[in-house]
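What follows is a short report on a single structure.
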Amino acid sequence: MNINQHFLNLNDSYLFSIIAKKVNDYKAANPDNMIIRLGIGDVTLPLVPAVVEAMHHAVSEMGRAETFRGYGEEQGYLFLRQAVCGYYAKKGVTIQDDEVFISDGAKSDLGNILDIFAPDNTVLIPDPVYPVYVDTNIMAGCNIVYMNGNADNGFLPQPDKSIRPDIIYLCSPNNPTGAVYNKEQLSLWVDYALENNAVILFDSAYEIFIRDANLPTSIYQIDGADKCAIEFCSLSKMAGFTGTRCGYTIVPRSLIRSGTALNKLWLRRQTTKFNGVPYIVQRGAEAVFTGEGFAQIQSNIDYYLQNARIITDTLTELGTWFTGGINAPYIWLKCPDSMSSWEFFDYLLENANVVGTPGAGFGAGGEGFFRLSAFGHRESVITAMKNLRKLK
Ligand code: PLP
């Protein structure tokens with residue numbers, strides 16, 4: 001019996017347990033101080049009424065013999081896949097319902113997609129970024145090449161012609177930096193992928209936060225992307241589905257490698273290893289794309305973006321370098337006085353009672369930076385910023 005040795009190459013994921021321990025120790029020593037958490041990447045507003053109503057209705061359907069449903073299509077019910085196509089049509093992107101795959105969230109698909117690629121691929125991954133890309137590629141034993149985000153490139157790495165990648169991960173708006181690629185920058189990536197016969201894995205989990213009409217919310221708004229990109233999106237941040245679980249992945253039929261349509265491979269993978277998302281959840285997800293549901297989720301996104309605005313205004317006032325927070329729920333700031341990410345974490349906890357996320361937790365390139373999240377409650381954000389101002 002041999003284990004997958006690649007698992008032994010993973011770094012232990014201590015980030016959030018170290019944060020929890022530090023916060024608990026501080027609370028025990030300072031029981032009267034109120035801790036404000038701006039570290040979490042989870043939403044705080046509940047599901048919107050249109051979603052709740054649709055799910056109630058679906059529960060009732062499941063309880064009646066005439067409308068009960070058992071196994072559904074592994075790739076998702078047609079009603080939801082068509083709703084996703086309608087959403088893309090509004091972005092000016094034409095996709096067919098058999099190019100949409102409904103899943104229980106982007107994290108699963110981002111990890112599972114590696115099933116359809118060979119393990120000896122060269123994989124380009126931004127640093128810093130959502131750690132799941134790195135860990136899943138380590139598990140699969142792929143050859144990872146990092147592309148560095150830094151203050152000079154606005155944490156938006158550009159193609160490096162000296163590298164010939166097979167797979168390229170892009171995340172825009174980015175977690176953790178909140179940086180967003182514009183159309184020209186994404187076009188360079190699409191051209192580069194086409195030149196190298198590579199595939200872009202485009203994570204658009206935060207696209208709903210883009211309010212600047214000139215910024216792309218889907219990679220398919222770029223010419224040629226349907227021949228080189230798979231897009232992953234999620235209702236987690238879009239509609240508060242972090243606990244409800246639903247996402248979707250787009251695999252265009254025109255994406256062909258080694259004479260094979262990747263759409264066919266992914267369909268085969270999903271129908272073999274996945275049995276679909278609950279009917280009740282898919283009905284809730286469908287409601288997100290109705291006029292009423294969409295207006296309701298937009299108002300929640302407005303709330304988070306207003307939180308982000310309160311944070312960025314404070315950082316601007318304090319003269320702190322940051323990126324993100326405008327078309328994204330994350331604000332990525334440079335730690336003052338050359339502090340390391342963890343030094344700044346301790347400083348902020350002890351002096352402002354604010355908890356954020358040390359940038360070093362998102363890759364070596366995050367050292368010296370810090371992530372604040374706009375997903376908190378308004379009063380907490382306001383109090384946190386008051387405390388921050390007092391530090392000056
Ligand atoms: N992609 C990015 C960039 C994320 O930050 C997250 C969650 O934090 C995900 C994907 C996963 O989302 P889901 O809840 O759909 O699995």
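The values are calculated or read from the model by the stated rules, or taken from the named source; none is laboratory data. Computed from a predicted structure; not experimentally measured. Don't worry about glycine lacking a Cβ; one is built from the backbone with ideal geometry, like all the others, and counts go over all protein chains shown. With ligands, DNA and RNA removed, areas are computed over all heavy atoms of the protein, side chains included. Shrake-Rupley method; radii C 1.70, N 1.55, O 1.52, S 1.80 Å.
Between GLY86, GLY363, GLY70, the GNM of the chain built on Cα springs shorter than 10 angstrom shows GLY70 fluctuating the most.
The lysines whose alpha-carbon is closer than 16 Å to the alpha-carbon of LYS334, local same-chain residues fewer than 8 away aside, are LYS392.
Computed from the Cβ-Cβ distance with R0 of 25 Å, the FRET efficiency linking VAL145 to LYS90 stands at 0.10.
Measuring nothing but how far apart in sequence close Cα pairs (under 8 Å, 6+ apart) lie, relative to its length, the chain scores a relative contact order of 23 percent.
Look at where the Cα atoms of segment 1-42 and of segment 239-265 average out, and the two centres are 31 Å apart. The stretch between ASP223 and GLU343 holds 38.8 nm of extra length on full extension. This uses 0.36 nm per residue minus the Cα-Cα distance. Applying 1/(1 + (r/R0)^6) with R0 = 25 Å to the Cβ-Cβ distance of ASP152 and ASN214 gives a FRET efficiency near 0.65.
Expressed as a whole percent, the accessible surface of segment 180-281 that belongs to carbon and sulfur atoms is 49, based on a 1.4 Å probe.
The charge dipole of the chain, taken about its Cα centre with unit charges on the Cβ of Lys, Arg, Asp and Glu (plus for the first two, minus for the last two), comes to roughly 380 debye.
Computed extension gain for LYS390 through HIS377, at 0.36 nm per residue and net of the alpha carbon distance, reaches 2.6 nm. Helical runs (DSSP H, four residues minimum) scored at -39500 (n - 2.57) apiece and divided by the length of the chain put the mean residue ellipticity at 222 nm at -12000 deg cm²/dmol. Averaging Cα coordinates gives a centre for segment 266-300 and one for segment 187-214; these two points are 22 Å apart.
So what is the accessible area of segment 17-57 per residue, in Å², with the probe set to 1.4 Å? Kindly include the intermediate steps, with their values, before the conclusion.
Details: 2440 Å² over 41 residues.
Value for segment 17-57: 60 Å² per residue.
Report the gain in length on full extension from GLN5 to GLU53: 0.36 nm times residue separation, minus Cα-Cα distance, nm rounded to one decimal.
Working: separation 48, 0.36 × 48 = 17.28 nm, distance 4.75 nm.
Separation in residues times 0.36 nm, less the Cα-Cα distance, equals 12.5 nm.
For segment 99-161 and segment 330-367, compute the distance between their C-alpha centroids and round to whole Å. About 24 Å separates the Cα centre of segment 99-161 from the one of segment 330-367. If I take R0 = 45 Å and measure r between the Cβ atoms of ILE256 and ALA29 in this structure, what FRET efficiency does the formula 1/(1 + (r/R0)^6) give, to the nearest 0.05? Rounded to the nearest 0.05, the efficiency is 0.15. How many nm is it between the label spots at ALA295 and ARG268, if each spot is 7 Å from the Cα in line with the beta carbon? My value for the distance between the label points is 4.7 nm. Taking a ≥ b ≥ c as the square roots of the eigenvalues of the alpha carbon gyration tensor, segment 289-386 is prolate, as a/c is not under 1.5 and a/b beats b/c. Taking the chain as a Gaussian network, Cα atoms linked when under 10 Å apart, which of LEU318, LEU265, LEU305 shows the biggest mean-square fluctuation? Highest fluctuation of the listed residues: LEU318. Mind checking which of VAL43, VAL123, VAL23 has the largest fluctuation in a GNM of the chain, springs on alpha carbons under 10 Å? Answer for the Gaussian network model of the chain: VAL23.
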